[in-house]
Amino acid sequence: MIKAKRGVMASMWCAGLLAAQADDVRHRFVCIDNAKDARLIYVDPFTPSNSWTRPVSAASRSLQRVDDSRILVGFDTGFAEYALKGGDELARLAGYERISSVARMPDGSTWLAGHSPSGVVLHVVERDLRARGAPRLVYPDASALRLLQVLENGHLLMAVNKPFRAVELDEAGRTVWSAALEAYGDKGYEVSRLPDGTTLASTGGGVKVVQVDCQGRLLHFWGEQKRGDHPEWGLDFVSGFDRLANGNIVVSNWLGHGKHGTGPHLVEFNADNVPVWQWADPAAARQVTHVLMIE
């Protein structure tokens, strides 16, 4: 009975999304599949021979394009850099614990954020991979951390649980902004600040990305208003996401906990919340947790 239900669902999302998708929409992208045999996947539909797959840690989460040629990937014990062309590993640092997010800074240093029994901890390593001082506790009130964004002013932006909220911390660890997001979902994954000062946040089982203003009021969303509104889209759990130059949002539809094959891995929504592109390849990936669009 379960298999039959999944088969029906797969045909629904496939038919629904393909009907909405323009034939000429194609994207290059890098994504993380955090299944047991985790992998980093680069897809180039324009030149398929350029596509590649590399094994990574199942705890890999963050993705950052360092420059035109390198991708930074964070995992539970550190980070690694990969060449966008060919996928060769260029650098690696390990030896840390419970790292959830890494960020390469303009000065060449790398910030590693993780969680501990005391809260969110930040480590900084120099360009030569030497530690810059001791790790510091930056937020004691978080039970979990996924992705963290370092803003241009050095502030930290992240989603935390219990309750589900987005918070911005200054360099002294003081909360200078927060927004209650528990009404929109059950588990945050990524938070991102836009140039206009509004904030984007994924909502996990809320199966959408929300945009909120400085008071935390909902301005817009991409995905479902409430779970089950659009079963033809095949959304189950929205984790990482990326924003295209045209303002469209590409969401990672995480299909863990036995949901493999029941929906697309990636879905792009336009400003009208209409799906215009999707990527689904159950043979290439099982549960995509984050995506970086190369376009």
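Worth a mention:
- All positions within the range 138-160 that are among the charged types (D, E, K, R), within 17 Å of His123 (Cα to Cα) and free of Cβ contacts under 8 Å to residues at least 40 places away in the same chain: none
- Only strands (runs of 3 or more DSSP E) whose full extent lies in the range 220-295 are considered here, and the ones with at least 1 residues that are more than 23 Å from Asp37 (Cα to Cα) and either touching a residue at least 40 places away in the same chain (Cβ under 8 Å) or not β-branched (Val, Ile, Thr) (or both) are 238-243, 249-253, 266-269, 275-279.
- Verdict on Arg92 being outside any loop (DSSP other than H, G, I, E, B) and surrounded by fewer than 19 Cβ atoms within 10 Å (Cβ to Cβ): yes
- Residue satisfying all of: in the range 221-232; within 19 Å of the chain's Cα centre (by Cα) and at negative phi; surrounded by the fewest Cβ atoms within 10 Å (Cβ to Cβ) among these: Glu224
- Residue check for Gln21: among the polar types (S, T, N, Q), surrounded by 14 or more Cβ atoms within 10 Å (Cβ to Cβ) and either modelled with pLDDT under 95 or in contact with a helix residue (DSSP H, G or I) (Cβ under 8 Å, 6 or more places away or on another chain) (or both): yes
- Residue match in the range 71-84 (condition: buried (at least 17 other Cβ atoms within 10 Å of the Cβ), touching a Leu at 6+ places or on another chain (Cβ under 9 Å), closer than 18 Å to Ile32 by Cα and without any contact (Cβ under 8 Å) to a residue 24 or more places away in the chain): yes
- Of the strands (runs of 3 or more DSSP E) lying entirely inside the range 99-217, those carrying at least 3 residues that are surrounded by fewer than 18 Cβ atoms within 10 Å (Cβ to Cβ) and more than 17 Å from the chain's Cα centre (by Cα) are 175-180.
The values are calculated or read from the model by the stated rules, or taken from the named source; none is laboratory data. Nothing here was measured: the structure is a model prediction, and the numbers come from that model. Backbone-built Cβ (ideal geometry, glycine too); neighbour counts: all protein chains shown.
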